[in-house]
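Working notes, beginning with the structure itself.
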Amino acid sequence: MSRPVFRFAPSPNGRLHLGHARSALLDHALARTLGGVFLLRLEDIDTTRCRPEYEAGILEDLAWLGIDWDGEPRRQSENFAGYRSALNRLEMQGLLRPSHATRAEIRAAVASAEARGEVWPRDPDGAPFPPPGDGDPRPGEPVALRLDGARAAALVGLLDWREVGEGPNGETGRIPVDLAAWGDPVLARKEIPTSYHLSVVVDDAAQGVTHVVRGRDLFWSTSVHRALQALLGLPAPIYVHHDLVLDAEGRKLSKSAADTALADLRAGGATPDDIRRLIGWEKTAAEIDRLNRVLSDGA
């Protein structure tokens with residue numbers, strides 16, 4: 001039997017915080033307990049926000065926590081050709097459509113509709129769908145590419161993924177894909193020739209990832225990822241979504257909100273054991289034992 005392959009995939013657009021520590025430590029512990037491979041991937045497709053100093057900081061933080069990885073880190077910024085190839089395959093299937101609406105146009109359309117008492121459709125992340133006419137030709141203007149959700153759903157039919165973690169409402173086991181909830185998700189942004197949804201699927205397949213361990217905030221995104229795997233003929237990993245580290249107001253930690261970074265905690269005298277205590281490692285260790293039993297049984 002081949003060894004299971006896990007990956008931790010942070011974006012180097014800021015320093016790691018406690019939420020990242022929880023995910024990385026859980027991911028690493030599962031990989032090592034199961035005798036698997038643990039890979040590090042740097043999701044740096046946003047070349048304007050991702051910086052070398054943040055990448056160096058991620059490597060420093062992980063080493064400080066006692067987390068090692070196998071092989072060299074994979075950088076998404078070095079693999080745009082692979083994403084373009086995937087887009088070409090989807091385009092040949094007639095599954096891509098142009099998207100022109102700007103953020104300002106979408107905000108204006110939403111505000112106008114809500115002022116009339118209408119409910120504007122949004123995806124599970126809360127992002128509003130683009131307005132009608134978004135795909136109409138606009139010669140000379142930047143264009144994003146969206147998956148034609150209706151056509152894609154018709155092609156993949158009934159589809160699900162295997163979840164051995166837990167969704168926001170306790171979902172586990174075989175989870176049905178709900179692509180309609182996402183409308184037409186963006187697969188290539190105007191300024192970047194890919195998106196998170198596309199690149200994560202292509203990279204997981206390229207790296208032979210068999211187990212995806214990540215925060216519960218990405219649970220519903222798996223519908224898009226599973227559909228893309230089917231459309232591109234890629235294998236489907238087992239998914240392990242875990243609970244998040246929240247602040248005092250019940251909000252998930254965020255780089256953009258300047259939440260306390262591991263580097264700041266370390267500078268203040270914290271030790272790796274302190275970090276484990278802050279993220280509730282005792283509970284995490286129990287979850288590792290449970291997942292190890294489930295995954296060892298071939299889930």
- [ ] Scan the stretch 17-31 and give yes if some residue there is without any contact (Cβ under 8 Å) to a residue 60 or more places away in the chain and surrounded by fewer than 21 Cβ atoms within 10 Å (Cβ to Cβ), otherwise no.
- [x] no
TODO: Being at pLDDT 85 or above, in a loop (DSSP other than H, G, I, E, B), closer than 17 Å to A21 by Cβ and of a type outside the set (D, E, K, R) is the filter here, so list the residues in the stretch 218-264 that pass it.
DONE: L244
Task: the stretch 273-295, subset in a helix (DSSP H, G or I) and either in contact with an Asp or Glu (Cβ under 8 Å, 6 or more places away or on another chain) or of a type in the set (A, V, I, L, M) (or both), residue modelled with the highest pLDDT - done: I275
TODO: Only residues that are of a type in the set (A, V, I, L, M, F, W, C), in contact with an Asp or Glu (Cβ under 9 Å, 6 or more places away or on another chain) and closer than 16 Å to P237 by Cα: list them for the stretch 6-30, please.
DONE: F6, F8, A9
Task: Any helices (runs of 4 or more DSSP H) falling wholly within the stretch 32-147 and containing at least 2 residues that are touching a helix residue (DSSP H, G or I) at 6+ places or on another chain (Cβ under 9 Å) and either of a type in the set (A, V, I, L, M) or without any contact (Cβ under 8 Å) to a residue 12 or more places away in the chain (or both) - done: 52-65, 80-92
- [ ] Please go through the stretch 202-218 and pick out each residue that is within 9 Å of the chain's Cα centre (by Cα) and buried (at least 20 other Cβ atoms within 10 Å of the Cβ).
- [x] R214
Task: Sole exception among (1) touching a Ser or Thr at 6+ places or on another chain (Cβ under 7 Å); (2) surrounded by fewer than 18 Cβ atoms within 10 Å (Cβ to Cβ); (3) farther than 21 Å from P235 by Cα for A188, by number - done: (2)
Open item on the list: Tell me yes or no: at least one residue of the stretch 77-86 is surrounded by 14 or more Cβ atoms within 10 Å (Cβ to Cβ) and more than 30 Å from A154 (Cα to Cα).
Closed with: yes
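The values are calculated or read from the model by the stated rules, or taken from the named source; none is laboratory data. Keep in mind the model is a prediction, meaning the values are calculated, not measured. When we count neighbours, we look across all protein chains shown, and the Cβ atoms used for this are built from the backbone with ideal geometry, even at glycine.
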